[in-house]
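Colleague: Mind looking over this structure? Questions follow.
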Amino acid sequence: MHVAIDIVAVIVLLFYFLRGWHKGPLIALLGVTRAVLAYGIAYLAGRYLGSWLGEVLYRPRIVMIPVTAGMTFLLISFGFQLVMWRIQRKHRTREEKDDYRLPCYRCMAGGVISTAGGLLSMIFIFWLGDLFMTGISGHGIPGSDRSFTGRFARRVIYESVYMLTAREGRESQAAAMARVISNPARGLDHLQRVVASDSVRMLLADRQLPEDLMSGDAQRIGQNASMQRLFNDYDTRTELQELGIISRNETESGFCEKLSRFGRNEVIQASLQNLKAKDLLRTDRILVLVRDPDFDAIVAEVVK
């Protein structure tokens, strides 16, 4: 399967090159501009408009953000395509009337520019497909881990996310977040292992913990027996680090201080109670959990 992915990628890039060769550098440059603007505006639309729509329509952001971004990307691309069609029609009229042909160097420039734009589009579409497959099956695109195209696309996405999110002192969390976003299936695996761990299960079943969290007292939270068990569970702490929830340099006191602020958050408390009532805090229901609006509400509060 991984060979098929790479073959399709080569065919697609060859198609873009030939199209740029025939259309010339102007149309090819417009195509790249279309891609860059479409990606940028789609990112902003997904982040802000998608989040707002998710809240208004009571739909999980993990669904609304990529859907909104994808629709925005398609609309902008279509608008640019209409402009490019008009320019191409004028070029064809000139070629038929004056028997004009583009010089070879301009054809080559058009092919290279068009291929660059096609590469950006292919990476974005691959990521959307990876996210979609993970959402419905729990696994990424089959064969993507072994294909050169899959590894290259994920690396580009990783570097882009890291560059946008890295802040001084939070580099490890930015790297973990970039890994999860660039490879959604791997992030889902980490989340499943966290929910399946004994320390987290006992933490969720602890009736004393909600009172300790609601107290807003970091010292009291740190003294909770379930929290102590979580602190001593090295494997689960590593999984939390891989998800970007805590940094690699996070101390117990620092983590408890953050929890004390979250503990005073009524949205998080209400959402946790709703998830418990729906019996979604279980490993075998993880795909339902990540699509639930209450889980989405918790994520939204945590990443503020």
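Colleague: With respect to Ala270, determine if the residue is surrounded by fewer than 16 Cβ atoms within 10 Å (Cβ to Cβ), modelled with pLDDT under 80 and aliphatic (A, V, I, L, M). Spell out the reasoning first.
Modeller: Values: surrounded by fewer than 16 Cβ atoms within 10 Å (Cβ to Cβ): yes; modelled with pLDDT under 80: yes; aliphatic (A, V, I, L, M): yes.
Here the answer is yes, as Ala270 does meet what is asked.
Colleague: Quick one: which of Arg193, Arg220, Arg261, Arg237 is within 21 Å of Asp279 (Cα to Cα), among the basic types (Lys, Arg) and in the same structural domain as Gln273 (by TED's automatic domain parsing)?
Modeller: Details: Arg220 fails: within 21 Å of Asp279 (Cα to Cα); Arg261 fails: within 21 Å of Asp279 (Cα to Cα); Arg237 fails: within 21 Å of Asp279 (Cα to Cα).
Matching residue, one of Arg193, Arg220, Arg261, Arg237: Arg193.
Colleague: Tally the residues that are basic (Lys, Arg), under 27 Å from Val10 (Cα atoms) and without any contact (Cβ under 8 Å) to a residue 24 or more places away in the chain, restricting the search to segment 149-185.
Modeller: Step one: list which residues in segment 149-185 are basic (Lys, Arg), which gives 151, 154-155, 167, 170, 179.
From the residues that got through so far, the ones that are under 27 Å from Val10 (Cα atoms) too are 151, 154-155, 179.
Next, only the ones that are without any contact (Cβ under 8 Å) to a residue 24 or more places away in the chain stay: 151.
Number satisfying all stated conditions: 1.
Colleague: Considering only segment 128-159, how many residues are assigned to a helix (DSSP H, G or I) and either touching a Pro at 6+ places or on another chain (Cβ under 7 Å) or buried (at least 21 other Cβ atoms within 10 Å of the Cβ) (or both)?
Modeller: Keep residues of segment 128-159 that are assigned to a helix (DSSP H, G or I), which gives 128-137, 148-159.
Narrowing the set further to residues that are either touching a Pro at 6+ places or on another chain (Cβ under 7 Å) or buried (at least 21 other Cβ atoms within 10 Å of the Cβ) (or both) leaves 128, 130-131, 134, 149-150, 153-154.
Matching residues across segment 128-159 total 8.
Colleague: Just to be sure before I move on: is Tyr100 exposed (fewer than 14 other Cβ atoms within 10 Å of the Cβ), at pLDDT below 70, assigned by TED's automatic domain parsing to the domain that holds Met133 and more than 23 Å from Val180 (Cβ to Cβ) in the structure I sent? Spell out the reasoning first.
Modeller: On the way: exposed (fewer than 14 other Cβ atoms within 10 Å of the Cβ): yes; at pLDDT below 70: yes; assigned by TED's automatic domain parsing to the domain that holds Met133: yes; more than 23 Å from Val180 (Cβ to Cβ): yes.
Taking the combined requirement at face value, the residue satisfies it.
The values are calculated or read from the model by the stated rules, or taken from the named source; none is laboratory data. Nothing here was measured: the structure is a model prediction, and the numbers come from that model. Because the Cβ atoms are built from the backbone with ideal geometry, glycine has one as well, and the counts that use them run over all protein chains shown.
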